[in-house]
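What follows is one structure encoded as structure tokens, with my remarks underneath.
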Amino acid sequence: MTSTPASGGVSGRVVVVTGAASGVGHATAAMFRDAGDTVFGLDLHPTVPEGVTYVECNVGDKASVDAAIATCAASGRIDVLANVAGIVQFGRFEQITEAEFDRVHAVDLKGPFLTMQAALPHLKACGGNIVNVSSVAGRVPQPYATAYAAAKGGLTTLTQALALELSPVGIRVNAICPGTVDTPMVAHVASIFPADLEPRLADRLLMQLPGAAIAPAEIAGAIRYLASPEARMITGAVLAFDGGMS
């Protein structure tokens, strides 16, 4: 682990971001850092933004998550948990292997479950909040991405259920459901489509309204708002950030 946290932090908050090495997670970690927060970036790769403390973590493994959250909590508190880490698997339903299904769910659904459970005592201690990054695929039908859609749909519902459960103790839990975001993972999507997919249906996976794709920083801005005092009355929300896709 390398440790280069932002000094002090204007707001004094401690923010934990999963998937901080690339894409939306990287942009989110950088945005909280620039706001003066102390940020821990959890990932399997160390390419987190400069000024963010990198903590190696496999979000699908309980022992790894528990150790990573303990490292973050050693700073004295955890105010915000942003679950951004995610992977995707494409293919016809009958061809998806059990191992592929389990891998997607380990990162996209079990991962947030583990990080939220591990961080909860620390969030309760300071009235913190959670923002989960789900997907438009968890809200509207998506062909050839059934494992991913099931995981993200589960994360969306998990967010709402947990928001109800934690409201009496003042912990807010919200979700963002992005559409097509301009990230390395999305850029790689077309190259991993199986060759035998129906083009008309495969195109639905990348549907986007006219105009530029959603930038990672735009999603990061929404995460930061939901985690801010300005959003103090927002919990259990599922924010569609998809240009009308849903």
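Any read-out appearing in this document is the output of simple, stated calculations on the displayed coordinates, not a laboratory observation. From a predicted model like this one, the values you see are computed outputs, not experimental measurements. Cβ: placed from backbone, ideal geometry, glycine included. Neighbour counts: every protein chain shown.
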Once both label points are put 7 Å beyond Cα along the C-beta direction, the Gln95-Ala161 separation in nm becomes 3.3 nm
Net charge near Pro178, counting Lys/Arg +1 and Asp/Glu -1 over other residues with Cβ under 9 Å of its Cβ? -2
For Ala237, what charge total do you get from the other residues with a beta carbon under 14 Å from its beta carbon, if Lys and Arg give +1 and Asp and Glu give -1? +2
Is region 14-241 best put as rounded, prolate or oblate by its Cα gyration tensor, with a ≥ b ≥ c the root eigenvalues, rounded for a/c under 1.5, and otherwise prolate when a/b is larger than b/c, oblate when not? prolate
With Leu123 itself left out, Lys, Arg at +1 and Asp, Glu at -1 over residues whose Cβ is under 11 Å from its Cβ give +2
